[in-house]
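The values are calculated or read from the model by the stated rules, or taken from the named source; none is laboratory data. Computed from a prediction, not measured in an experiment: that's the story for all the values here. Please note: Cβ atoms are built from the backbone with ideal geometry, for glycine as well, and neighbour counts cover all protein chains shown.
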Amino acid sequence: MEGVWSAEDTTPGAIESALRGLLRERYTQEHHGIPARVLNLVVVVDRDWRGEIENRLARTGRYHPSRTIVCAVEERRTAIDAVVTLGADSDDEEDDVTPIRERVELKVGRQHLKHLATVVDPLVVTDLATVVWAPHGHAEAVDSLRALAQVVLLDSVEEPEPREAIARAGELAERAYVVDLAWLRSTPWRERITASFDPPMWRSELAAISSVTVRHHPSSVAAATLLLGWLSSRLGWQPGSVVGGGGALTGRARGRRGDVAMRLEPAGQDVPGLAGITAETSRGMSLSLDRGEGGLRAVRRRRDGSESAWTLLGASRGEAGILGEGIRQALLRDPTYRPAVRAAGQMLG
Amino acid sequence: MATVVEQNPLVEGLERLPVHPTTLVIFGATGDLAKRKLLPALYNLAHEGALPERFNLIGVSRSDMPDEDYRAIARESIEKYSRTKTDDKVLSALLEHVRYVSGTFDTLDPYDGLQRVADEFDEEAGIPFNRVYYLSTAPSFFPMIIDALGQRGLDEREDAEVRVVIEKPFGTTLEEALDLNRQVLHVFDERQVFRIDHYLGKETVQNVLAFRFANGMFEPLWNRNYIDHVQITASEDIGIGTRAGYYDESGALRDLVQNHMLQLLTLLCMEPPVDFSADEVRGEKVKVLHAIAPITPDTVSDIAVRAQYAGGVVGGEAAPGYLEEEGVPDDSNTETYAALRLHVDNWRWAGVPFYLRTGKRLARKVTEIAVTLKPVPHLAFGQDGSVGVKPNQLILTVQPNEGVSLSLGAKIPGTRMRIRPVNMEFLYGTAFLSQSPEAYERLIMDAMRGDATLFTRDDEVEGQWRICDPILEHWAETPGPLPTYRAGSQGPEEAERLLLPGTKWRAI
């Protein structure tokens, strides 16, 4: 059962009081459910497009934040309206412990964005990590919330212009911890590239990589560049700019033992994201990973020309879980994103 | 042994670390454990992308069948018992690398067969796979298999690691455990041996270490000066089900106390390790086992109680007594309840009683550690009109609702200074977004990775048996019938005599 409170032309103080009241009410009425205390998520969306974001939030399942504050922006609105909802998933009841979903939906005007932190601050649970996500832009709101939020959630592939996407991610990453969904989608790729070079007999080949081609869905240049940026930063390359030609982006990086040819190549696949990667070494070894049945299909060609192929097992996670994974990652710290985004920025100029 | 090479610079920042390509060999591949736990765990690891980049499985068992038939058995088990919905493409890709070898373990056939198949895997891939032998057979086959692996030279490889995972029970007496350790270590080095106590693979159990060593506030209290006593409870509301054959041979002490509960005790009492490497952690745990006062036949009846459940009512339904359970001999003296009072005689814990109890068909299913602090030295408040001030209790609940609660004295609202205990409660489920992996998934990965922290070392197993063996011997020599307790109750009245004055068992 949900507890609901709503008001028009209200204040943050009144909303915060309503939140406390609804929580107390739950305790006294002995509803099933305990307040979860993991993190706050502040979402800034266009009022007209909030439905799509609502659907994505609904699919986060068990990874839902403790308290979600949705700020739906209407162009000319001057007053703040609010709806506060407290509920627990009945599906979870068999677990005995059912975390309560606490949700505040605010209708705000563009005029509120510059000082949005003063509206949101009283509403977040103190001492918990606060994550801000503005899928429809609203850079002004993100900047306002930066002092309040320790983590910025973004998706670099949603920005149509990859150069701007990487530049914005890089700028945010210098000032806050960034969880980039485009980066998270590449996690299985990064894990498997790492694993493929991990056996002692192959590890030394990392230093001899002479060319890398990343294949990607045409809309996923930013994701492909981030993957190349990761390799570049981890292996100590100095990447130069990539330039267009023949439908691909090509460039060179200065490696520790010579130049590395880099190529970002659009591939004909239906799903957005990465399609494959091929790394070749100056010693004549090459390794390719491509999407395949039941995981990534790996093909290794040795110096003597012999080949072996195998599958790195793993199910596709799909898009449904990626936002939840992003929320989970907000509690962790990946030190490799910022160097990767920096390197990606150098490639895209 | 693998050559030492430069660190892999790509590893940093990844949650899942790479594991060397591995061929896992399951002995007892058609058994219940393999079907219900091991094969589903392997599938879930594959689903998550957590298996080594190249992975093969060889099932070894007595039944004669072609690879295809074993793959069908594996598919059926995985589809039935996997915690995640199976993805047919992943499952098929996993099964492509599954082979089967038949033969009885006391003949050379299965070992020749597995060597041939494992070598084929190496040749096909052009790399030497690590090999992990998982002994999931009846314990009586352990020495035979270990010996045969040694004889066939399957216990080591020049350019890859070889490890052996041994399921519990590791012996049923101290003598058996010592013998088995001798036989295992005659063939393998201790660093190659991974003795499973699946309890240690549970996140909840590992959290005991996190609770103790990641929080400064409890450490100053964690000693004889502040702690009055500790109760460790592992109770179940169910009976023995269809496991009469196993359980009647084993009993509560062997089934839970010798392994799981003594592990909890060591985690609770150990000194902070220098680091969390396998030998540092296990070294500290062994010290606790060594510090437990030796038990002699004369002292058994003072520090141990056993009992059997009689008929009763559980959850509103009539439940039969142990002797009425199907498959249990009429004159069985097997205990379904065991309680102990142990003392850890070292500087930190001298004089603090540790009460351990476990049983079937008790009032509730719960596993918890209850640490009761000493009462305040002087009470300034009156006790009239209230239940009064109680000593603080810290409860670490392992299951079903993992968490920590601390009982504190608080003022009852009103004009008088009246106090009653309140609970400050923390539930792990409300503070983390991650789902805990199955214990077997964690342990299989650790064994493949070569991390033995969550496995029991030879001296640890022997230390556990040194505590339980005298009790079991004394009980074996003492005729029944055993004291009984009503199914669905708190346990036998006899358990009260273990408690030192002023102490009560916590309600289950």
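With respect to the stated conditions, A:L274 fails to be over 21 Å from the mean Cα position of the chain (by Cα) and assigned by TED's automatic domain parsing to the domain that holds A:S219. Would you say B:F27 is at the interface with another protein chain (Cβ under 8 Å from one of its Cβ atoms), among the hydrophobic types (A, V, I, L, M, F, W, C), touching a Leu at 6+ places or on another chain (Cβ under 8 Å) and closer than 15 Å to B:V117 by Cβ? Answer is no for this residue. Are there any pairs, at least 6 apart or on different chains, whose C-beta atoms fall under 8 Å, with the first in segment B:11-23 and more than 7 Å from every other protein chain (Cβ to nearest Cβ) and the second surrounded by fewer than 22 Cβ atoms within 10 Å (Cβ to Cβ) and assigned to a loop (DSSP other than H, G, I, E, B), and if so, which? Partner pairs satisfying both residue conditions: B:E15/A:L332; B:L17/B:V11.
So, in segment B:176-195, how many residues would count as being touching a residue at least 24 places away in the same chain (Cβ under 8 Å), under 20 Å from B:R254 (Cα atoms) and part of a helix (DSSP H, G or I)?
From segment B:176-195, those touching a residue at least 24 places away in the same chain (Cβ under 8 Å) are B:177-181, B:183-188, B:190-195; that's our starting set.
From what is left, the residues that are under 20 Å from B:R254 (Cα atoms) are B:177-181, B:194-195.
If we keep only those that are part of a helix (DSSP H, G or I) as well, we get B:177-181.
So the answer is 5.
Just one residue in the set A:S144, A:S156 is crowded, with 24+ Cβ neighbours inside 10 Å and either among the hydroxyl-bearing types (S, T, Y) or on the phi > 0 side of the Ramachandran plot (or both); that residue is A:S156. In segment B:367-385, the residue that is modelled with the highest pLDDT out of those that are within 39 Å of the chain's Cα centre (by Cα) and either within 13 Å of B:I419 (Cα to Cα) or not in a strand (DSSP E or B) (or both) is B:K374. Only one entry in B:G409, B:G388 is free of Cβ contacts under 8 Å to residues at least 60 places away in the same chain, more than 14 Å from chain A (Cβ to nearest Cβ), buried (at least 16 other Cβ atoms within 10 Å of the Cβ) and not in a helix (DSSP H, G or I), namely B:G409. Every listed requirement among (1) in contact (Cβ under 8 Å) with a residue 12 or more places away in the chain; (2) within 11 Å of chain A (Cβ to nearest Cβ) is met by B:Y81 save one, (2). The residues on offer are A:R254, A:R291, and the sole one that is more than 18 Å from A:S210 (Cα to Cα) and either under 26 Å from the mean Cα position of the chain (by Cα) or part of a strand (DSSP E or B) (or both) is A:R291. B:F55 passes every criterion in (1) in contact with a His (Cβ under 8 Å, 6 or more places away or on another chain); (2) at pLDDT below 95 apart from (2). Restricting attention to segment A:239-262, does a residue exist that is within 17 Å of A:I193 (Cα to Cα) and surrounded by fewer than 19 Cβ atoms within 10 Å (Cβ to Cβ)? Checked segment A:239-262: no residue is within 17 Å of A:I193 (Cα to Cα) and surrounded by fewer than 19 Cβ atoms within 10 Å (Cβ to Cβ).
Return yes or no: is B:E96 touching a strand residue (DSSP E or B) at 6+ places or on another chain (Cβ under 9 Å) and acidic (D, E)? So B:E96 fits the description; yes. Each residue in segment B:273-289 was checked for being surrounded by 14 or more Cβ atoms within 10 Å (Cβ to Cβ) and either of a type outside the set (D, E) or part of a loop (DSSP other than H, G, I, E, B) (or both), and 10 of them qualify. Among the numbered conditions (1) over 21 Å from B:Q263 (Cβ atoms); (2) surrounded by 17 or more Cβ atoms within 10 Å (Cβ to Cβ), the only one that B:R212 does not meet is (1). The set of residues in segment B:16-33 that are farther than 16 Å from A:G314 by Cα, buried (at least 24 other Cβ atoms within 10 Å of the Cβ) and of a type outside the set (S, T, N, Q) comprises B:L24, B:V25, B:I26, B:F27, B:A29. Check whether at least one residue in segment B:109-130 is within 24 Å of B:E438 (Cβ to Cβ), touching a Leu at 6+ places or on another chain (Cβ under 7 Å) and either within 12 Å of another protein chain (Cβ to nearest Cβ) or surrounded by fewer than 17 Cβ atoms within 10 Å (Cβ to Cβ) (or both), and report yes or no. No, segment B:109-130 contains no residue that is within 24 Å of B:E438 (Cβ to Cβ), touching a Leu at 6+ places or on another chain (Cβ under 7 Å) and either within 12 Å of another protein chain (Cβ to nearest Cβ) or surrounded by fewer than 17 Cβ atoms within 10 Å (Cβ to Cβ) (or both). Take the conditions (1) more than 13 Å from chain B (Cβ to nearest Cβ); (2) touching a His at 6+ places or on another chain (Cβ under 8 Å); (3) modelled with pLDDT under 95; A:E174 misses just one of them, which is (2). If I go through segment B:447-470 residue by residue, how many of them are in a helix (DSSP H, G or I), of a type in the set (G, A, S) and outside the structural domain of B:D298 (by TED's automatic domain parsing)? Looking only at that region, the number is 1.
Just to be sure, is A:D270 of a type outside the set (S, T, Y), at pLDDT 90 or above and surrounded by fewer than 16 Cβ atoms within 10 Å (Cβ to Cβ)? When the stated conditions are applied, A:D270 does not pass them. Residues in segment B:307-338 that are within 28 Å of the chain's Cα centre (by Cα) and among the hydrophobic types (A, V, I, L, M, F, W, C): B:A307, B:A310, B:V314, B:A319, B:L323, B:V328, B:A338.
Please work out if A:R20 is of a type in the set (K, R), assigned by TED's automatic domain parsing to the domain that holds A:T130 and surrounded by 14 or more Cβ atoms within 10 Å (Cβ to Cβ). Considered against the rule, which asks whether it is of a type in the set (K, R), assigned by TED's automatic domain parsing to the domain that holds A:T130 and surrounded by 14 or more Cβ atoms within 10 Å (Cβ to Cβ), A:R20 comes out as no. Of the residues making up segment B:45-77, those that are buried (at least 20 other Cβ atoms within 10 Å of the Cβ), outside any loop (DSSP other than H, G, I, E, B) and within 13 Å of another protein chain (Cβ to nearest Cβ) number 6.
Given the structure, is A:G276 in a strand (DSSP E or B), crowded, with 19+ Cβ neighbours inside 10 Å and away from chain B (no Cβ under 14 Å)? Yes: the conditions hold for A:G276. Using the structure shown, decide if B:I444 is outside the structural domain of B:V313 (by TED's automatic domain parsing) and at pLDDT 95 or above. In short, yes.
The criterion of being under 23 Å from the mean Cα position of the chain (by Cα), at pLDDT 95 or above and not hydroxyl-bearing (S, T, Y) does not hold for A:V212.
Picking from residues in segment A:305-329 that are part of a loop (DSSP other than H, G, I, E, B) and facing chain B (nearest Cβ under 10 Å), the one that is farthest from the chain's Cα centre (by Cα) is A:S306. Across segment B:412-439, the qualifying residues are those that are assigned to a strand (DSSP E or B) and within 14 Å of another protein chain (Cβ to nearest Cβ), and the one among them that is nearest to A:I327 (Cα to Cα) is B:L427.
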